[in-house]
Amino acid sequence: MNSEDTLVPMYVARQPIMNDASRVFGYELLYRDRADATTAGDAGDRATARVLTDAILSLGLETLTSNKPAFVNFTRQLILSDAASLLPASSLVIEIQHDTTVDEEIVEACKRLRAGGYSLTLDNFVEGGETEPLLPLVQFVKVNVMALSTERVAAIARRLTPKQQLIATRVESAEAHEAAKGAGCRLFQGFYYCAPAMRQTAVISGRQLAYLNLIAALHAPEVNIGDLEEIIKRDVSLTYRTLRSVNSAAFGGGREITSIRQALVLLGIDQIRRWATVWALAGSGSASAPEAMSLALMRARSCEVAGTALAGPEMGGTMFLTGLCSLLDVILNRPLESILSEVNFPADVKDALLGKPTLGRKILDAVIAYERADWDLASETAASIGLDEDVLIKSYREALPWIHTLSRASA
């Protein structure tokens, strides 16, 4: 590794792999070594090596994948090396790229990995493809359901043993999900799982509207400590969960905080408002979209870090709310325009959420492009508003441990 490698930040994002109950089974780690590199050839070796060392070992696998299996692409060279030994076999799923040259050397390396307890996945598998000889050795097989017919997917599924699982990738719609499930897929990956499935005529329930109005009140510009205390104390569950958050290991200083007033005095309005907003949104949603809530939290923290770096703390606070509410349509299963018409959110937050070309919208767009591993679009969008690319990478990396701590506090 040369000096340039140590200075250039690592792009790392994650995409959930869901089971049929819409729960996260694991995360694929998506990465790129630098803005002008791809993950092919030597660049792919370097990128995977850095995601194993820089990202996983520095952030911690527990933080990066929330204790779920990490699916990581390995090049041929890394399969032949002992790179997998950097991580415990129980936490790592090695993805074998579809164009990997399979020979006796690779077969023996895969057998050694299996003997060591590692799970293997064939990525972008097609019958008759380069990696077909490895099919008996793997636990997972990924198929691109946008590229293969349902019949071809079903034919692959029939070849698997009961201990092997078929993963559908590029699932973009409910119809694609159902077709993949019918063809034999048991795990699923794609943007569909954080996309809205709305009933256009549905109304927001009284409970949901109460929580959304609470969020709006928390972010009123004239709110003071007394107002904030009263707003939070109206809801017993909100009070409890907010105090759990501020007393967690990441925020506590050895002194237990026992009241909202005490928390406000010690930690300030902005931090308490943040936790209360998070738990109010969690209370407004249903249990059917847990990953959408997790992603909303990622966006909230990423947007806050980016907004603060670009325009100061006030913008950071606005962007926290914008990122958090960017998946309201998914969480509440309602059209976004309908939700925002009934809640008195700040005008700049509404404008950004509705797609108006504001600074806030540009920040949100950059964060969304990053989370989807569209690195070029993320870089271009950040550059268009003067947001340093390193800050965008930092914002995502700071969000991961933040939501991990939050999930522990809510347990």
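Nothing in this text is a laboratory measurement; each read-out follows from the coordinates by a stated rule. Computed from a predicted model, the values in this text were never measured in an experiment. Here the Cβ is made from the backbone with ideal geometry for all residues, glycine too, and neighbour counts use every protein chain on show.
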>> Could you order the peptides 339-350, 270-281 from most to least packed, using the average number of other C-beta atoms within 10 Å per residue?
In response: 270-281, 339-350
> For region 357-367, what does the Karplus curve 6.51 cos²θ - 1.76 cosθ + 1.60, with θ = phi - 60°, yield as ³J(HN,Hα) per residue in whole Hz, taken in order and with x for Gly and Pro?
Replying inline: x, 9, 4, x, 5, 5, 4, 4, 4, 5, 5
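Return a single number: how many Lys pairs in region 206-410, at a sequence separation of 8 or more or on separate chains, have alpha-carbon atoms below 26 angstrom apart. Could the numbers behind the result be given before it?
Details: LYS350/LYS362; LYS350/LYS394; LYS356/LYS394; LYS362/LYS394.
The number of close lysine pairs in region 206-410 is 4.
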